[in-house]
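Below is one structure, written out as structure tokens, with a few remarks after it.
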Amino acid sequence: MAGLAARTSPYALAFFSSLCIMILELVSSRLVARHVGSSLTVWNSVIGIILGGICLGNVLGGRLADRVEPRRAVGPLFALGSFLTFGALAVNATIPSIVPSPQAINWELRTILVVTLDFLLPATVLGMVGPVVAKMAVELSRKAGSAIGDVYFWGAVGSIVGTFLAGFVLIYLAPTSVIVLVVAAALALLAAILDPTPAVRSLATATAALFGAASVGPLVRTLGIGGIDLGGYQLNYLAVLGGAASLAMAVFAARALWGAPRAVSEGVLQGDEAHEDGPHASLRDLAILAFIASLAFMAMEMVAGRLVTRHLGSSVYGWTSVIGVLLAGLSVGNYLGGRVANGIQNEKQASWLFLISSVAMLLILFLDNQPQWFRESLENGPNPSVLSHAIVWNELDLPGMGPIPLSWPFRVLLVVFLVFFLPAVTMGTVSPVVAKLAVDRLRRHKRTGTAIGQVYAWGMVGSILGTFLTGFVLIDVLGTKGVLLLLAAVLALTATILGSVLHAVWAGIPLGLCVIGFLPMQWTEKIGEEWSIREPVGDPNTTQDALAYADESNYYYIKVNNEPESGGVQLRTLVLDNLIHGYFILGHPERLDYDYEHIYAMVAYRSAKASGKITRATPASSATAAEGGPLPDQVFADAQPGGTKPPELKAAVGESDVAPADEVILESPSKSWMPRIEKSTLKTLFLGGGAYTFQRHVQHVYPGTEVDVAEIDPAVTRANHAATGLPVDTPIHTSWGDARQFVERNQDDKQYDIVFGDAFNDFSVPWHLTTREFNEKIAKMLAPTGVYMINIIDAYESDAIALKKAEKRIETQKIVDPDQQERVRREHLAAAHRFGGFLGSWTATAKLTFPHVYIFGTSNETGEGQRETFVVVAAKQPLDLADLGRRDDDPRFFQKRQKTVAAPYGPDDEKAVLESRSRGIILTDDYAPVENLLAPVAETRGQD
């Protein structure tokens with residue numbers, strides 16, 4: 001039994017160390033979001049820096065494995081990892097004091113610096129485990145290839161489990177700081193089991209117990225244990241004591257590691273004598289192969305993330321599925337590669353692995369979008385990407401099992417599996433083969449650990465370069481299709497260099513496709529579009545129903561479609577990653593077509609009028625100052641319900657400024673009416689640029705208004721300059737970068753009268769813009785009479801409507817049994833309560849910062865249960881929002897020839913949203929499971 005435990009321990013240790021690293025990687029983006037936001041730049045930095053740490057750890061771990069007996073090294077490494085994992089919380093809390101402010105340093109550089117300080121050291125120490133346990137496995141096995149492949153395999157399996165555990169479970173169940181404590185406790189427990197030093201074992205046991213107890217919320221609350229504020233995280237005193245114990249444990253572990261006896265020299269293995277005579281063999285060629293394979297794998301992962309975001313939005317589910325599926329493929333590839341490695345004696349035999357990987361890269365391209373000739377030959381017409389099938393894939397039909405309902409996370413997981421698993425398997429076969437060849441070369445020089453460490457390290461260098469080069473440069477320059485073509489060509493050329501003329505024959509295919517994909521000529525563009533290896537370009541000057549513009553950036557696939565309307569009016573629609581994000585009527589900045597924008601406009605007018613920041617273009621109104629000044633406490637509540645205007649504003653609605661009849665408005669190109677404003681001193685901020693529709697509307701109807709925009713992607717602004725008529729010299733000031741970074745930089749310097757949030761949809765919500773801490777920063781930027789408005793896509797079905805549906809079902813199905821009737825009612829109520837979680841939790845969170853919060857729906861009937869766009873209005877003072885759209889001087893808007901009127905939710909519906917739909921969740925930087933809250937809403941996309 002002991003022999004079995006000894007033989008399996010290297011693989012178990014590889015599993016647990018990789019599991020912990022991946023949990024840290026998934027939650028690290030949430031830890032740093034308060035400092036640098038959450039974006040592709042952050043994900044690239046997190047993945048790249050943690051891979052960099054693992055790379056450095058592989059080098060150090062390989063050398064450590066040759067210097068110290070491996071079994072004496074793993075315990076101290078886990079002890080150090082536990083301390084450094086907990087230390088990431090402490091370091092993260094000190095970031096504002098040790099990292100230059102956002103005003104003093106480039107955003108991307110600051111992001112890399114923050115992630116490096118937080119996670120480089122934990123990743124390095126945990127990365128040292130791999131080569132150490134790999135040497136343990138090689139020493140215990142007669143087949144080096146199989147041993148190394150199995151270590152790779154179980155490490156990848158641990159990464160998979162850690163990925164899905166964090167992304168699908170832990171982030172919803174626990175705050176980020178608690179997840180970090182759990183990981184630190186698990187590492188300390190492993191140190192207590194494995195370390196041979198009594199002092200380390202005792203301290204590790206205490207550390208694991210304290211961190212574990214500190215992670216149990218009910219226990220901490222029952223004991224009434226207080227704590228300290230650690231940069232926004234509430235760290236209880238049990239965790240503080242655990243941190244002190246982990247520090248002592250790390251000190252003793254480092255001493256034990258430093259003083260450990262040298263490893264016993266390797267003896268005769270597989271008939272080879274251990275000796276050091278002769279020059280040391282070089283691993284340069286094998287290092288290059290490991291570098292290329294790992295670079296291609298991580299570039300594929302970055303492309304996979306972009307493709308999934310393009311079709312299904314950016315969320316933790318998308319990234320979890322991408323990382324998990326690719327790791328699953330990698331693990332299977334590692335296992336198969338280990339078996340194949342036993343029969344491979346030289347690099348030429350490994351050439352076929354690169355050729356197969358090249359074919360798999362082109363398979364991704366095919367599954368994402370089949371060539372036009374292929375679709376026509378099957379008479380299928382336009383065929384969407386396999387990835388987009390998640391939207392309509394409501395259930396899975398299995399033979400003999402019947403249909404199985406699929407929740408949104410599993411839909412995403414399944415389509416990602418179909419597209420990326422097989423290519424990941426092919427890429428995973430390379431590393432064990434290369435590592436085995438390296439071990440064969442250096443075994444006789446007693447440098448097995450060094451051989452494994454160097455292959456690990458060069459593989460990680462390739463992974464780092466593949467991450468940053470693809471995420472920061474290649475996708476923006478070549479697009480996702482171009483990157484896949486380039487990877488297929490590089491892998492094919494590598495196979496050709498290693499192999500024979502047969503490999504060269506295949507290499508001609510991806511190289512020829514690269515010519516068609518990249519050569520800037522009319523005939524290559526035409527063929528490239530027909531073969532779906534180039535994106536269409538579009539014509540910004542078109543007046544037809546056609547594509548006006550297309551581009552692909554690091555963040556979005558951007559399209560602008562032109563839709564001609566009657567009277568020569570041209571409607572331009574902005575599409576980001578297959579989701580409509582806005583529109584603009586060329587030449588008509590006053591026109592708004594979305595119902596939530598109508599509510600935005602009416603609320604903005606009411607608040608601007610009451611605050612004295614606008615002057616009506618009539619003699620009567622010009623007598624009233626529009627420059628602000630002292631305001632009574634209830635300035636926003638002066639107007640009375642029913643349309644009675646405050647005395648000082650009655651005269652402002654002159655006879656020359658009376659709204660025309662509705663029929664006249666409907667026949668105008670603007671299809672709306674606004675009171676004429678002479679001047680405005682409003683200052684407004686937009687979180688998200690979109691099509692710059694409302695931004696241009698505000699500047700048009702309120703002359704003099706200052707408009708600032710925080711837009712994450714410069715390519716979105718370029719698209720608007722090129723195709724939606726936004727002038728290059730527009731007075732709208734755009735700051736590019738994460739919106740939270742903009743707020744962080746300007747919260748003490750700027751104040752706004754109105755802040756518009758327009759960065760949410762049901763597929764992709766930047767969670768770090770939803771938290772209480774972010775709301776507090778917005779509140780600092782609001783003027784005393786300021787208003788913060790956001791739109792939220794969610795669904796709300798009231799209990800009354802749910803019970804009405806239940807009664808209809810009971811009547812239709814003629815259910816007479818009282819117990820069955822009650823069961824039906826409970827089912828409908830439970831189904832209704834699945835929705836509205838994000839709306840409820842955001843509103844409940846906002847109420848902790850803003851005294852006055854109002855909810856507006858856009859459906860015809862409140863609580864009907866359909867997905868809709870909600871507008872939530874938050875302010876420091878009470879607002880007069882009664883009878884929106886009904887008063888004489890209110891702006892008038894129409895949708896489908898029906899005038900838009902709005903009223904905030906009444907007490908009963910507001911109470912239902914806040915209490916029963918919010919699930920008691922308050923969104924914080926430490927805990928914001930917005931993807932989980934919106935998953936039921938995303939599932940309804942297929943019903944459209």
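When the range 786-805 is filtered for residues that are open to solvent by 10 Å² or more (accessible area, probe 1.4 Å), over 16 Å from S916 (Cβ atoms) and among the β-branched types (V, I, T), only I793 remains. Summed over the range 561-609, residues that are open to solvent by 30 Å² or more (accessible area, probe 1.4 Å) and in contact with an Asp or Glu (Cβ under 7 Å, 6 or more places away or on another chain) total 2.
Determine, yes or no, whether S735 is polar (S, T, N, Q), surrounded by fewer than 20 Cβ atoms within 10 Å (Cβ to Cβ) and out of contact with any strand residue (DSSP E or B) (no Cβ under 6 Å at 6 or more places or on another chain). In short, no. For the range 522-580, filtered to residues that are of a type in the set (D, E) and modelled with pLDDT under 90, the residue that is farthest from G482 (Cα to Cα) is E565. Looking only at the range 851-868, filter to residues that are surrounded by fewer than 23 Cβ atoms within 10 Å (Cβ to Cβ) and either of a type in the set (G, A, S) or not in a strand (DSSP E or B) (or both); which one of those is modelled with the highest pLDDT? Top of the filtered list is P851. Counting the residues of the range 681-690 that are within 24 Å of Y583 (Cβ to Cβ) and either outside the structural domain of A715 (by the TED database) or among the hydroxyl-bearing types (S, T, Y) (or both) gives 1. Identification of helices (runs of 4 or more DSSP H) wholly contained in the range 284-377 with 3 or more residues that are in contact (Cβ under 8 Å) with a residue 60 or more places away in the chain and of a type outside the set (V, I, T) yields 284-312, 316-341, 347-368. The set of residues in the range 748-759 being closer than 17 Å to Q695 by Cβ and either outside any strand (DSSP E or B) or open to solvent by 30 Å² or more (accessible area, probe 1.4 Å) (or both) consists of K750, D758, A759. If you go through the range 202-220 one residue at a time, do you hit one that is of a type in the set (S, T, N, Q) and open to solvent by 30 Å² or more (accessible area, probe 1.4 Å)? Scanning the range 202-220, I find at least one residue that is of a type in the set (S, T, N, Q) and open to solvent by 30 Å² or more (accessible area, probe 1.4 Å), so the answer is yes.
When the range 830-844 is limited to residues that are assigned to a helix (DSSP H, G or I) and open to solvent by 40 Å² or more (accessible area, probe 1.4 Å), the one that is nearest to F760 (Cα to Cα) turns out to be H833. If you go through the range 887-898 and keep only what is in a loop (DSSP other than H, G, I, E, B) and either modelled with pLDDT of 90 or more or open to solvent by less than 20 Å² (accessible area, probe 1.4 Å) (or both), you end up with R887, D889, D890, P891. Filtering the range 711-747 to residues that are of a type in the set (A, V, I, L, M) and either more than 18 Å from the chain's Cα centre (by Cα) or in a helix (DSSP H, G or I) (or both) leaves A715, V716, A719, A722, A723, L726, V728, I732, A739, V743.
Residues checked against (1) modelled with pLDDT of 85 or more; (2) in contact with a Pro (Cβ under 6 Å, 6 or more places away or on another chain); (3) open to solvent by 10 Å² or more (accessible area, probe 1.4 Å):
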| position | (1), (2), (3) |
| --- | --- |
| V129 | yes, no, no |
| A147 | no, no, no |
| F153 | no, no, yes |
| S159 | yes, no, yes |
| G162 | yes, no, no |
| Y172 | yes, yes, yes |
| P175 | yes, no, yes |
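The criterion of being surrounded by fewer than 24 Cβ atoms within 10 Å (Cβ to Cβ), in contact (Cβ under 8 Å) with a residue 40 or more places away in the chain and assigned by the TED database to the domain that holds G459 holds for L60. Restricting to the range 806-829, and then to whatever is of a type in the set (D, E, K, R) and closer than 29 Å to V930 by Cα, can you tell me which residue is surrounded by the fewest Cβ atoms within 10 Å (Cβ to Cβ)? Per the stated criteria, the residue is R826. In this structure, is S315 buried (at least 24 other Cβ atoms within 10 Å of the Cβ), assigned by the TED database to the domain that holds G48, modelled with pLDDT of 85 or more and farther than 27 Å from I527 by Cα? Judged against the criteria, S315 is not a match.
The set of residues in the range 581-605 that are among the β-branched types (V, I, T) and assigned to a helix (DSSP H, G or I) comprises I599, V603. Residue by residue through the range 104-158, note down the ones that are part of a helix (DSSP H, G or I), more than 23 Å from Q454 (Cβ to Cβ) and either polar (S, T, N, Q) or free of Cβ contacts under 8 Å to residues at least 24 places away in the same chain (or both). Of everything in the range 104-158, those that are part of a helix (DSSP H, G or I), more than 23 Å from Q454 (Cβ to Cβ) and either polar (S, T, N, Q) or free of Cβ contacts under 8 Å to residues at least 24 places away in the same chain (or both) turn out to be L109, T111, L113, T116.
Taken over the range 569-593, the criterion of being within 22 Å of T858 (Cα to Cα), touching a helix residue (DSSP H, G or I) at 6+ places or on another chain (Cβ under 7 Å) and not aliphatic (A, V, I, L, M) is satisfied by G582, Y583, F584, E590. None of V901, V871 is open to solvent by less than 10 Å² (accessible area, probe 1.4 Å), of a type in the set (A, V, I, L, M) and closer than 18 Å to Y605 by Cβ except V871.
If the condition is being open to solvent by 10 Å² or more (accessible area, probe 1.4 Å) and under 11 Å from T849 (Cα atoms), then the range 762-785 contributes R772, E773, E776, K777, A779, K780.
Let's see how each residue does on (1) surrounded by fewer than 24 Cβ atoms within 10 Å (Cβ to Cβ); (2) within 30 Å of F421 (Cα to Cα):
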{"residue": "A65", "(1), (2)": "no, no"}
{"residue": "A79", "(1), (2)": "no, no"}
{"residue": "Q103", "(1), (2)": "yes, no"}
{"residue": "V115", "(1), (2)": "no, yes"}
{"residue": "S141", "(1), (2)": "yes, yes"}
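Scanning the range 691-710 for residues that are within 30 Å of A617 (Cβ to Cβ) and part of a strand (DSSP E or B) yields E706, V707, D708, V709. Of all the residues in the range 99-121, those that are in contact with a helix residue (DSSP H, G or I) (Cβ under 8 Å, 6 or more places away or on another chain) and at pLDDT below 90 number 11. Considering only residues in the range 351-392 that are of a type in the set (G, A, S) and over 31 Å from the mean Cα position of the chain (by Cα), the one that is modelled with the lowest pLDDT turns out to be G381.
The values are calculated or read from the model by the stated rules, or taken from the named source; none is laboratory data. None of these values were measured; they are calculated from a predicted model. Because the Cβ atoms are built from the backbone with ideal geometry, glycine has one as well, and the counts that use them run over all protein chains shown. Just the protein is used for accessible areas: all its heavy atoms, side chains included, with ligands, DNA and RNA removed. Shrake-Rupley method; radii C 1.70, N 1.55, O 1.52, S 1.80 Å.
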